[in-house]
Amino acid sequence: MYFYILIFFIGITFLQFFSQLPNLFWVLLLLTVMFICSLFFKYLKIIFVFLLGFTWCLSCAHRILEWSLPKSLEGRYITVIGYIASLPQIEEHWEKFTFATDYIDNKPQKAKIQLSWYGDYPKIGIGDKWQLLVKLKRPHGSMNPGGFDYERYLFQNEIRATGYVKSSSLNHCLSSHWYNYPIGRFRQYLERGIYQVLHNRQLQGVIAALVVGSRNGISADEWQVFRNTGTSHLVAISGLHIGLISGFIFLFINFIWRRIPYLTLRVSAPLAAAIGALIGALIYSAIAGFSVPTQRALVMITVFTSVLIFKRNIRPWSALLIALLIVLIINPLSTLSAGFWLSFAAVAVLIYTFSGRLGVTGIWWKWGRAQLVVMFGLMPLCLLLFRQFSLVSFIANVVAIPIVGFIVVPLSLVGCLIWIISSRFGTWVLLFAEKVMSLLWLYLKWLSAQHWVVWHHALVNNWILVTTTIAVLLLLAPKGISIRWLGIIWFLPLIFYKPMGPKDGEVWFTLLDVGQGLASVVRTEHHVLIYDTGPKYNDNFDTGRVVVVPFLHNFDINDVDMMVISHGDNDHIGGAASVLSMLNVKQIMTSVPERFPNNRAGHCWAGKSWQWDGVTFSFLSPKLNSDLKGNDASCVLKVTDGVNSVLLTGDIEALTEHILIKNNHQNLKSTILVAPHHGSNSSSTISFINIVKPEYVLFPVGYSNRFSFPSNEVTIRYKIIHAIQFDTVNSGAITFMFNNKDKVSLPSEYKKLFTHYWNSS
């Protein structure tokens, strides 16, 4: 049976590698045929179970992707009627929430959409029924090496469109009843209470996350500390939190029950304690909103407590596989979540390592060793999923888990329960919980601030992943395995592996996909230059943090020789602060040096040039002491190997194009041109295009952007000179690799190389 659970799991996982979903009818037909054949040929049962898992996952994926927003409704203002289906994420000038529709554009349609409400938004409650005037678009996210797959996130959460609410008299609440989303309303009541009690306290968002599972109040800087110290799991209600709460309840009931003879004569104390622990886990999961990690944790705890309730003797591996099967049946798309792999892998590593070693004495020794085993055992997965590994994970978690699990979480939960009855006493308890967390926070911040705290490694080679996994399995092998020392040898490929990079005289140029904005990276053999960093959307989200830095970490790059910021518009400079805080940037050149404190930035000026590794970099505009301002003052940079070249123009418009033609026409011809001002009709004049004569032109634009970039007139102008055109909407990140010996070939388009079925919806 347990072997077939693994085969079922492999069948589900196999679908996630498909770029397009197979036809469900033909797969069901094949499954039926295989079922009949397996009745006569037992060895075909493996194939049948594999197909069963594959088909189950396929049917769930088809169900989610069954409806897509019609193209005719994209970019139009339409009315929707439905319910607020999530705790709103509230910021100073906007709020974001999930909306479960009943009607879209006056037609019945059940769907989940994600909406933002800007400006003077009302106080909304989960479960409220609203009519809203909205502008929607299909799910779309940036596609970059090392970046976050936003479309996968939307798919996992069954969100089929995103958009915003337009201020209108049509927006009004149709009804607000407690029986719509009653659990959600209770969660929102607790969340509002926490923010009211802990108003303006630094870690109010962390306390809210630990109680109701809402992580909306955790800032980007706080997330960075959690990631650097390997403690992100502490603020995602999962097996750790629910397990500890269940354990508390089990010990408490068991202690009380044994002292009341009337109760012990009817139900044994362990049985009563196990039932109570399971009920407690269920209640905590409900308060946390039955999120996917919470469901997974609840299933695992249910399996293990059922062993006590039904007095069955079951091996740990068997219990883990049964939990795996139940999770996959409930939600086969769990395999898309990093948390799924990490949670099951953590339990598996503990079972594997401590087989035959349970006799070791000393609870603190066991605790410390378990943390060390989990940290070490999850290393291959962390490097694969996140391209980084926290070197202080052990010393962070060995302190943080007991404090959070045994003090902060119980106090926070008890504080909320008391607050419902008595706000005064509940406030004291919650303030004390936040104070304890703030003391722990000082320790975590200190660890995170160390420059060596995170090991970034581009584990993109499958063979390196295999050898690293073998090394971990050997070093953590259970008692009786005498060749554990060989694990050190198997680790050597990981230590000495270096990702490929450009050679002397070569240029690797990547135009990153940052939506409606510009960010790019130029790499030579020993140097890295960033040209613009994309937009900043709010204090917790900018493309420097979520696109540029992860891209560089994907190639083991932590040092940047120069960052060029073309000009001061948000869609070019927005991510700069994050890049500066997360990477070692040696020099900054820009047309707006005043935007950088402490005279850190120098002014770009026409005539400045330098060489790196046989590659020449030259600024062509603006002139020193130029009167140009705004878009026209953008730093124009040319990168050439002597034969092929790329021209980066920022947001220059017709005026600067004319000046360049007049003063620098002999240096303008380039193989690759990043279109001025994203392809605006105010740029890319015919005379400029004819002088540059690019073979390739790239448009850094956002999906369904409000400017309709690139302009149709501009694309026609480039088409006339037979330039090959690419844009980041359809290509994702675009990478050219060229040298002075060969003609520039077609670029790699990340979106087309690594697309999945949820991206093609």
Counted residues in region 309-329 being small (Gly, Ala, Ser) and touching a residue at least 24 places away in the same chain (Cβ under 8 Å) come to 2
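Scan region 69-84 and give yes if some residue there is in a helix (DSSP H, G or I) and aliphatic (A, V, I, L, M), otherwise no. Give the steps one after another, and end with the answer.
Step one: list which residues in region 69-84 are in a helix (DSSP H, G or I), which gives 71-73.
Now drop any that are not aliphatic (A, V, I, L, M), which leaves 73.
Yes: region 69-84 contains one or more residues that are in a helix (DSSP H, G or I) and aliphatic (A, V, I, L, M).
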- Is there a residue in region 258-278 that is modelled with pLDDT of 90 or more, out of contact with any strand residue (DSSP E or B) (no Cβ under 6 Å at 6 or more places or on another chain) and within 30 Å of Ser393 (Cβ to Cβ)? yes
It is to be established whether one or more residues within region 117-139 are of a type outside the set (Asp, Glu) and either closer than 30 Å to Gln388 by Cα or in the same structural domain as Asp727 (by TED's automatic domain parsing) (or both).
yes
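For Ile691, are the conditions met, namely being under 18 Å from Leu637 (Cβ atoms), at pLDDT 95 or above and under 31 Å from the mean Cα position of the chain (by Cα)? Can you show your working first?
Details: under 18 Å from Leu637 (Cβ atoms): yes; at pLDDT 95 or above: yes; under 31 Å from the mean Cα position of the chain (by Cα): no.
Considered against the rule, which asks whether it is under 18 Å from Leu637 (Cβ atoms), at pLDDT 95 or above and under 31 Å from the mean Cα position of the chain (by Cα), Ile691 comes out as no.
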Of the candidates Thr715, Thr728, Thr755, the one satisfying the condition of being in contact with a strand residue (DSSP E or B) (Cβ under 7 Å, 6 or more places away or on another chain) and surrounded by fewer than 20 Cβ atoms within 10 Å (Cβ to Cβ) is Thr715
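Quick one: which residue in Ser169, Ser142 is in a loop (DSSP other than H, G, I, E, B), in the same structural domain as Lys112 (by TED's automatic domain parsing) and either out of contact with any Asp or Glu (no Cβ under 7 Å at 6 or more places or on another chain) or not polar (S, T, N, Q) (or both)?
Details: Ser142 fails: either out of contact with any Asp or Glu (no Cβ under 7 Å at 6 or more places or on another chain) or not polar (S, T, N, Q) (or both).
When all the criteria are applied, what remains is Ser169.
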Of all strands (runs of 3 or more DSSP E) fully inside region 577-630, the set with 1 or more residues that are over 20 Å from Thr543 (Cβ atoms) is 601-603, 609-612, 615-621
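Would you say Ile322 is part of a helix (DSSP H, G or I) and either out of contact with any Lys or Arg (no Cβ under 6 Å at 6 or more places or on another chain) or among the acidic types (Asp, Glu) (or both)? Write out each step before concluding.
On the way: part of a helix (DSSP H, G or I): yes; either out of contact with any Lys or Arg (no Cβ under 6 Å at 6 or more places or on another chain) or among the acidic types (Asp, Glu) (or both): yes.
When the stated conditions are applied, Ile322 passes them.
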For Gly127, the lone unmet condition from (1) within 27 Å of Leu190 (Cα to Cα); (2) small (Gly, Ala, Ser); (3) part of a helix (DSSP H, G or I) is (3)
Filtering region 173-223 down to residues that are more than 15 Å from Gly415 (Cα to Cα) and charged (D, E, K, R) yields Arg185, Arg201, Arg215, Asp221, Glu222
Among (1) under 24 Å from Phe619 (Cα atoms); (2) surrounded by 17 or more Cβ atoms within 10 Å (Cβ to Cβ); (3) of a type in the set (A, V, I, L, M), Ile686 falls short only on (2)
Given the conditions (1) outside the structural domain of Ile113 (by TED's automatic domain parsing); (2) in a loop (DSSP other than H, G, I, E, B); (3) among the polar types (S, T, N, Q); (4) surrounded by 13 or more Cβ atoms within 10 Å (Cβ to Cβ), every one holds for Ser38 apart from (2)
Among residues of region 162-193 being small (Gly, Ala, Ser) and farther than 30 Å from Leu430 by Cα, the residue surrounded by the most Cβ atoms within 10 Å (Cβ to Cβ) is Gly163
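What strands (runs of 3 or more DSSP E) lie completely within region 651-761 and have 1 or more residues being touching an Asp or Glu at 6+ places or on another chain (Cβ under 7 Å), of a type in the set (Gly, Ala, Ser) and free of Cβ contacts under 8 Å to residues at least 40 places away in the same chain?
none
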Expected single match for of a type in the set (A, V, I, L, M, F, W, C) and without any contact (Cβ under 8 Å) to a residue 60 or more places away in the chain among Val592, Val547 is Val592
The number of residues in region 215-235 that are crowded, with 24+ Cβ neighbours inside 10 Å and of a type in the set (Ser, Thr, Tyr) is 1
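With farther than 16 Å from Gly568 by Cβ and of a type in the set (Val, Ile, Thr) as the only criterion, which of Ile691, Ile652 stands out?
Details: Ile652 fails: farther than 16 Å from Gly568 by Cβ.
Answer to the selection: Ile691.
Here are some residues: Gln224, Gln202. Which one is in a loop (DSSP other than H, G, I, E, B), more than 28 Å from Ser306 (Cα to Cα) and within 27 Å of the chain's Cα centre (by Cα)?
Gln202
Residues to consider are Val507, Val528, Val514; find the one that is modelled with pLDDT of 95 or more, under 28 Å from Ser634 (Cα atoms), touching a Leu at 6+ places or on another chain (Cβ under 9 Å) and among the aliphatic types (A, V, I, L, M). Outline the logic, then answer.
Details: Val507 fails: touching a Leu at 6+ places or on another chain (Cβ under 9 Å); Val514 fails: touching a Leu at 6+ places or on another chain (Cβ under 9 Å).
Testing whether each residue is modelled with pLDDT of 95 or more, under 28 Å from Ser634 (Cα atoms), touching a Leu at 6+ places or on another chain (Cβ under 9 Å) and among the aliphatic types (A, V, I, L, M) leaves just Val528.
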Within region 330-347, residues part of a helix (DSSP H, G or I), in contact (Cβ under 8 Å) with a residue 60 or more places away in the chain and not aliphatic (A, V, I, L, M) come out as Pro332, Thr335, Gly339, Ser343
In the set Tyr537, Tyr531, the lone residue that is surrounded by 21 or more Cβ atoms within 10 Å (Cβ to Cβ) and of a type in the set (Phe, Trp, Tyr) is Tyr531
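The values are calculated or read from the model by the stated rules, or taken from the named source; none is laboratory data. The model shown is predicted, which means the values in this text are computed figures rather than measured ones. All Cβ positions, glycine included, derive from the backbone under ideal geometry; neighbour counts span all protein chains shown.
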